[in-house]
Structure formats: C-alpha cells, structure tokens
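What follows is a single structure, written as structure tokens, with notes after it.
The values are calculated or read from the model by the stated rules, or taken from the named source; none is laboratory data. In this text the structure is predicted, and so the values were computed from the model without any measurement. Positions of Cβ are generated from backbone atoms using ideal geometry, with glycine treated the same way; all protein chains shown enter the neighbour counts.
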Amino acid sequence: MTSGHASSPIWHPFTQHQLDPVFKKIVRTEGAYLFDHDGRSILDAISSWWVITHGHRHPVIMQAIGSALEQLDQIIFAEYSHEAAERLARRLIELAPPGLSHVFFSDSGSTAVEVALKMALGLFHNRGVPRSRIVVMEHSYHGDTIGTMSIGARGVFNAAYEPLLFDVASIPFPVPGREQETLDALEAYCRTGDVAAFIVEPLVLGAGGMKMYPPHLLTEFRRITARHETLLIADEVMTGWGRTGTLFACEQSGVTPDILCLSKGITGGALPLAVTLCIPEIFEAHLSEDRGRMFFHSSSYTANPIACAAAVANLDIWRDEPVLPRIENIEAMHRDWLSQFQSDPRFAAVRQQGTIAALDLAVETKGYLSEVGPKLRAFFRERDLLIRPLGNVIYLMPPYCVTAHDLQRAYEAIDEAADFIGAAAS
Ligand SMILES: *Cc1c(COP(=O)(O)O)cnc(C)c1O
C-alpha cells in the first residue's frame with residue numbers, strides 16, 4: 001500500500017488516499033500564506049478552496065471572534081435570537097440586490113442551496129400550485145449533498161450516487177456565439193408551466209471549470225424566468241464577496257434573484273456560516289394560522305453567534321477598508337499576466353472575471369480526472385504554491401491581500417508547468 005497517511009484515522013475530502021502524498025500539517029496562517037510544520041511558507045493562491053477573502057486571520061475578524069467568545073456560544077435559534085444575527089441580517093439586506101427581504105441562516109454552501117430549493121418548492125406547495133421541476137445549467141456545481149448533487153453536473157464524482165439523484169432539466173452552458181440556444185432552452189422549459197426554479201451560478205461556474213459568461217445573459221435569465229413566474233435562484237456561494245469584481249456578481253447584471261445563496265467568504269473565510277436570502281412573497285407564502293405551513297428546516301448550528309460576529313466584522317472590513325480597490329488591483333495584475341498567455345499555443349481559453357483568472361492547458365486528456373491534475377499539483381507543491389487545477393484548467397483565486405510578487409511567482413510557475421507537462425495545441 002502506498003498510503004502515505006497510515007498513521008492518521010482521518011479520511012480527507014476529495015482525496016485518493018492510496019495515491020495522494022503525506023499530508024503536510026499547517027501550523028499557522030497569515031495573509032496569503034500557510035505555514036507548515038517544516039517551516040515552509042505556502043502561497044494560498046486558491047484562498048483555501050475559495051473561502052478566504054481578505055487574507056488569513058484578518059485582525060478585525062479575529063478580534064470580533066475573540067470578543068464574541070466572551071458572551072455567547074451556540075444558542076437555539078427557534079424561539080430565540082441574538083444581536084450578531086440581527087445586525088448581520090439587516091446589513092445583508094442593505095447590501096444585497098434590492099427586493100430581497102428575509103434571511104435564513106445555515107452553515108454551509110450546500111445547506112444554503114438545499115434551503116433555496118425547499119423555499120422554492122414551499123412557495124408553490126403553499127400556494128397550491130403544482131410546480132416542482134428545477135432547471136439547471138450544464139457544468140454547474142451546487143454542493144455535495146444528495147439534493148445539491150442532483151442539481152449539479154453529473155460525472156465520475158457522483159456516479160455512485162446516481163440512483164438516488166432526482167431528475168432535473170438542464171440547459172446548455174452559453175458557449176460564445178451560441179448563447180441563444182441557452183436562452184431558448186430556458187424559455188422552452190419555463191413555458192411548460194411546471195418549473196419551480198432555475199438555479200445558476202452568476203457569471204462564473206466554479207467547480208465546473210471556471211467557465212465564464214457575460215452579465216447580459218444573467219439579465220436575460222431574469223427576464224425569461226420572470227415572464228413565466230419561475231423563481232431565479234442565484235448561487236453566489238463562490239462568486240459572492242468580491243470574487244467577480246463586485247461584492248455580488250448579480251450586481252453586474254442589475255439583477256435581483258428571488259433567492260440568493262451566500263456562504264464561503266461571508267465570514268471572510270474564518271468560520272462556517274451560510275445564508276439564503278429571499279423575496280417577501282416566499283416568506284409570506286409560509287405565513288399562516290396553520291403550523292403545517294411553516295418552513296421546515298433547521299441546522300443544529302443555525303446562526304452560530306461566533307460565526308455571525310465574524311461575518312459582521314467581515315462587513316465592517318468591506319465598509320472601512322479599500323477592498324474594491326484591492327480587487328481592482330488584482331484584476332489589473334491578472335490582465336497583465338494573462339495577456340502574455342493569450343496567443344500562447346500551450347494554453348486555450350485564457351479568461352478572467354474579477355479576481356478569478358483561469359486558463360486551460362492544451363493537453364489531450366481533459367476532465368476532472370485528467371492525469372495532468374495530480375502532476376500539476378505536485379509541481380506547484382514543490383514550489384510552495386497552493387494551486388489545485390480542475391483537471392487541465394489552471395486557475396488562481398487569491399485572497400485580496402496577495403501582492404504583485406506573490407502573483408508573479410504563481411504565474412511564472414504556471415508558465416514552467418506548461419512546459420513540464422508538455423502542453424501544446426494539437
Ligand atoms: C462551494 C460551493 C457550494 C457548496 O458549498 P459547501 O460549503 O462546500 O457546502 C455550493 N455552490 C457553489 C457555487 C460552490 O462553489
């Protein structure tokens with residue numbers, strides 16, 4: 001057995017324990033860096049799976065967590081509330097696209113999406129309208145629970161669970177030049193009258209390979225769904241909190257979804273927390289003298305007070321620090337570096353949206369299990385860079401404190417990696 005991890009009982013996520021190397025213990029984090037117990041400093045060029053926004057252990061968030069600990073731990077969130085959740089909810093409503101009125105708390109991106117689906121089904125159920133179909137976009141990712149896998153792209157990562165996944169209607173990803181096919185497919189499904197909701201990741205499909213589409217299409221999605229009274233669910237679990245260049249990606253389209261899912265960067269990445277925001281109609285459809293019509297959902301750690309305090313501190317950082325200028329600076333640095341790769345035959349589809357930069361290595365084998373993935377990871381690991389390609393798709397999604405020097409190291413390594421892999425247009 002080549003398991004390099006025999007001494008630990010831990011089963012790690014998205015890990016092939018028979019092949020993957022010994023895990024390095026991280027003993028400290030700061031800014032854009034992880035420090036391991038061998039004393040190496042590793043550039044976190046993917047924000048630790050997209051959660052860290054301002055940088056690791058931002059002092060404002062760390063202090064807020066420390067103060068919150070003096071007062072509260074978890075409290076039950078039915079019958080009772082607490083000030084951090086109240087403040088957070090009010091400020092989220094102020095910041096979110098206009099028209100969203102209520103905030104439901106949970107603890108991960110997957111649960112935020114599950115809640116969104118239940119809100120959509122609950123609205124039509126309580127109105128006595130028989131609608132339960134969900135429309136999704138090809139290549140989407142919405143989480144790893146049975147429900148969120150059902151509405152996400154099918155592939156090797158969920159083949160074993162396929163028998164339990166429910167049916168959804170899927171529209172094609174809007175490939176440049178063929179966007180109308182996507183819009184027509186959405187319109188055709190909505191026209192049937194049995195579609196409860198269309199769920200989509202605004203502007204960037206993350207885990208599906210950093211696939212990007214322009215803001216005007218999101219505006220079209222809104223127009224079409226509104227015309228057929230189909231709910232639009234925006235899954236901004238990844239795109240939220242500045243990643244795409246604005247606080248929320250929906251802003252770039254001037255769109256208010258009926259339901260908005262947020263998690264990952266909501267606490268700046270410090271603690272797990274999620275929210276699902278909705279329009280008044282959905283909340284009101286659950287108001288009744290009948291207890292059988294309440295919203296039947298709860299997570300044990302709903303609105304954890306420490307996590308809520310961290311999220312309020314995150315909003316303070318957005319209010320008090322030049323976060324958008326930092327993001328614009330990263331955008332400009334990405335643009336400069338990417339322009340060098342634009343006509344490079346070793347790469348295809350060189351693209352960026354805000355702080356997210358992505359390029360496809362021109363190799364024969366594509367897809368999540370493409371063997372170039374692990375080779376690239378090892379290559380970057382040797383250079384103390386945390387970069388985890390999605391198959392042949394290399395991307396950078398750094399925290400906003402990343403420096404020009406850090407990005408230079410990352411891009412120079414990507415340049416070398418392409419030669420190492422022997423990428424070339426076929
Ligand atoms: C990460 C992600 C999720 C799932 O979030 P978890 O916190 O990992 O459950 C859902 N949707 C999108 C778009 C994501 O990127």
Just to be sure I understand the filter: pairs with C-beta atoms under 9 Å, separated by 6 or more residues or on different chains, first member in the stretch 139-159 and in contact (Cβ under 8 Å) with a residue 40 or more places away in the chain and more than 21 Å from residue 240 (Cα to Cα), second member outside any loop (DSSP other than H, G, I, E, B) and within 11 Å of the ligand (Cβ to nearest atom). Which pairs pass? 157/149
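Conditions (1) closer than 26 Å to residue 249 by Cα; (2) not aliphatic (A, V, I, L, M), marked per residue:
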position	(1), (2)
66	no, yes
70	no, yes
119	yes, no
139	yes, yes
154	yes, yes
When the stretch 248-258 is examined, which residues are found to be more than 16 Å from the ligand (Cβ to nearest atom) and in a loop (DSSP other than H, G, I, E, B)? 254, 255, 256, 258
Take residue 277 and decide whether it is within 18 Å of the chain's Cα centre (by Cα), in the same structural domain as residue 79 (by the TED database) and among the aliphatic types (A, V, I, L, M). yes
Quick count over the stretch 255-301, residues being among the hydroxyl-bearing types (Ser, Thr, Tyr), under 22 Å from residue 199 (Cα atoms) and out of contact with any strand residue (DSSP E or B) (no Cβ under 6 Å at 6 or more places or on another chain), is 2
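Only one residue in 67, 41, 81, 48 is within 16 Å of the ligand (Cβ to nearest atom), surrounded by fewer than 22 Cβ atoms within 10 Å (Cβ to Cβ) and either touching a residue at least 12 places away in the same chain (Cβ under 8 Å) or more than 17 Å from residue 28 (Cα to Cα) (or both). Which one?
Every option except 48 fails the conditions.
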Just to verify a result, which residue in the stretch 126-147, among those that are surrounded by fewer than 17 Cβ atoms within 10 Å (Cβ to Cβ) and more than 16 Å from the ligand (Cβ to nearest atom), is nearest to the chain's Cα centre (by Cα)? 132
Among the residues of the stretch 261-307, which ones are small (Gly, Ala, Ser), part of a loop (DSSP other than H, G, I, E, B) and buried (at least 23 other Cβ atoms within 10 Å of the Cβ)? 263, 268, 269, 270, 303
The stretch 244-256 residues that are assigned by the TED database to the domain that holds residue 354, paired with ones that are surrounded by fewer than 22 Cβ atoms within 10 Å (Cβ to Cβ) and at pLDDT 95 or above (beta carbon under 7 Å, 6 or more apart): none
Can you tell me which residues in the stretch 219-242 are within 16 Å of the ligand (Cβ to nearest atom), farther than 18 Å from residue 254 by Cβ and among the acidic types (Asp, Glu)? 235
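Is it the case that the stretch 377-387 has a residue that's over 18 Å from residue 40 (Cβ atoms) and surrounded by 21 or more Cβ atoms within 10 Å (Cβ to Cβ)?
Checked the stretch 377-387: no residue is over 18 Å from residue 40 (Cβ atoms) and surrounded by 21 or more Cβ atoms within 10 Å (Cβ to Cβ).
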Restricting the search to the stretch 259-275, which residues are polar (S, T, N, Q) and within 11 Å of the ligand (Cβ to nearest atom)? 263
Listed residues 167, 184, 194; which is more than 16 Å from the ligand (Cβ to nearest atom) and within 30 Å of residue 357 (Cα to Cα)? 184
Could you check the stretch 95-125 and list, in sequence order, the residues that are within 15 Å of the ligand (Cβ to nearest atom) and part of a strand (DSSP E or B)? 105, 106
Checked 415, 336, 316, 344 against criteria (within 30 Å of residue 62 (Cβ to Cβ) and acidic (Asp, Glu)); the one match is 316
For the stretch 148-164, name all the residues that are outside any loop (DSSP other than H, G, I, E, B) and within 11 Å of the ligand (Cβ to nearest atom). 148, 149
